[in-house]
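**Q** Handing you a structure now.
The values are calculated or read from the model by the stated rules, or taken from the named source; none is laboratory data. This one's a predicted model, so the numbers in the text were calculated from it and none came from an experiment. Note: ideal-geometry Cβ built from the backbone for every residue, glycine included; neighbour counts use all protein chains shown. For accessibility, only protein heavy atoms count, side chains too; no ligands or nucleic acids. Shrake-Rupley method; radii C 1.70, N 1.55, O 1.52, S 1.80 Å.
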Amino acid sequence: MTRPLTAAQRRVIDAADPVTGRLRGTESQLAALVKRELAFRHPRPPHDHFLTPAGHRIREETATPAASAPEAAEPAQEPARESSGVFAARVGGEEGIDAGPSRIREVHSAWQGLLELRRMTNPHGVVDRPCAWERTHLVQAAALALEAAGHRPAGADTEGYRVRATPQPEAVAVRGPDAGALRECAATLEQAGWQVGEHTEPRTGARYLLASPRRI
């Protein structure tokens, strides 16, 4: 039977960078997490430690116990509120959208961190397709790719993109204010390593994108 994590190990996991999974702790704490396959040591200097996908799942379960509940696929779904002090990409529909220089820097840093996570965890270090973390955080990953490319998310009363979960495995729906915006979002997601198709909502006739992380 697997021994439960110690309080110190949980603190190390909870304090990990939410995007890259970079860890800070004592050598013994980090070594214990590596042994449990919840972290790995990067082979290149400075040999930092990072969460594995299993470690990310534990961190998410600890931080947001309700996160495992299935998300509704309706376009009008309210996005989850981001926790205080923790970066979250704009999925569209949030109030008080900040598009100032500080937000731009924050998004750029998060995107660079995600590319580094791809390099460290994808086979052969490829960065042109999503990594395991993105496959378990589909809405946030797609929204980050869009926001980092300069697309504007919808606000409470402004137009923009909206990214939502769908009943389909490994797929998100992306909606935009018009056909041109949808095409631009599709191009961005394809460049970021997603497979994208355009579809029509049966009830309303509205066009939307269905995007899935590319594997090859």
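**Q** What does the accessible area of Ser212 come to, in Å² to the nearest 10, when a probe of 1.4 Å is used?
**A** That residue has around 30 Å² of solvent-accessible surface.
**Q** What is the Å³ per residue value for the convex hull set by the Cα atoms of the chain? Write out the running numbers ahead of the final one.
**A** Numbers: hull volume 30.2 nm³, N = 216.
Once divided by residue count, the hull of the chain is 140 Å³.
**Q** Just to confirm the number: angle between the C-alpha axis of helix 101-121 and the first principal axis of the chain, 0 to 90 degrees, nearest 10?
**A** Tilt of helix 101-121: around 60 degrees.
**Q** Ordered by residue, what ³J(HN,Hα) values in Hz, to whole numbers, does the range 137-146 give under the Karplus form 6.51 cos²θ - 1.76 cosθ + 1.60, where θ = phi - 60° and Gly and Pro are x?
**A** Per-residue couplings from phi come out as 9, 4, 5, 5, 5, 5, 5, 5, 4, 5 Hz.
**Q** A further question on this structure: Give the accessible surface of the chain per residue, rounded to a whole number of Å², with probe radius 1.4 Å and ligands, DNA and RNA excluded. Working shown, then result.
**A** On the way: 12050 Å² over 216 residues.
Accessible surface, normalised per residue, equals 56 Å².
**Q** Could you pull out every residue, at least 5 positions away or on a different chain, whose amide H is within less than 5 Å of the one on Thr166? Hs are placed 1.01 Å off N in the peptide plane, and Pro or chain starts have none.
**A** Ala171, Ala173
**Q** Same structure again: Any idea what angle helix 53-63 forms with the longest principal axis of the chain, computed on alpha-carbon atoms, 0 to 90 degrees, nearest 10?
**A** Helix 53-63 and the main axis of the chain meet at about 80 degrees.
**Q** Using the Cα gyration tensor of the range 170-216, with a ≥ b ≥ c the square roots of its eigenvalues, what is the shape: rounded (a/c below 1.5), prolate (a/b larger than b/c) or oblate (neither)? It would help to have the intermediate numbers written out before the result.
**A** Values: a/c = 3.14, a/b = 1.54, b/c = 2.04.
Oblate is the answer for the range 170-216, as a/c is 1.5 or above yet b/c matches or exceeds a/b.
**Q** Shifting gears a bit: Quick one: pull the percent of accessible area on the chain belonging to carbon and sulfur, 1.4 Å probe, ligands and nucleic acids left out.
**A** On the way: 6400 of 12050 Å².
The nonpolar share, carbon plus sulfur, comes to 53 percent.
**Q** Pulled fully out, how much extra length does the chain show between Arg36 and Ile104, if you take 0.36 nm times their separation in residues and subtract their Cα-Cα distance? Walk me through the intermediate numbers first.
**A** Details: separation 68, 0.36 × 68 = 24.48 nm, distance 3.67 nm.
Additional length available on full extension: 20.8 nm.
**Q** Can you grab the distance from the C-alpha centre of the range 160-216 to the C-alpha centre of the range 35-55, Å, no decimals?
**A** 33
**Q** Write down the radius of gyration of the range 111-158 and its Dmax, each obtained from C-alpha positions, in Å.
**A** Gyration radius and largest Cα-Cα distance of the range 111-158: 12.4, 44 Å.
**Q** Related question: May I ask you to derive the FRET efficiency for Val127 and Ala187 from their Cβ-Cβ distance with R0 = 25 Å, giving the value to the nearest 0.05?
**A** Details: r = 18 Å, r/R0 = 0.72.
Here the calculated transfer efficiency is 0.90.
**Q** Per-residue HN-Hα couplings for the range 168-175, Karplus 6.51 cos²θ - 1.76 cosθ + 1.60 at θ = phi - 60°, whole Hz, x for Gly and Pro?
**A** 6, x, 6, 8, 10, 9, 10, 10
**Q** Could I ask something else about it? Using only alpha carbon pairs under 8 Å that are at least six residues apart, calculate the relative contact order of the chain and give it in whole percent.
**A** Details: 317 pairs, mean separation 33.4, N = 216.
Dividing the mean separation by the residue count of the chain yields 15 percent.
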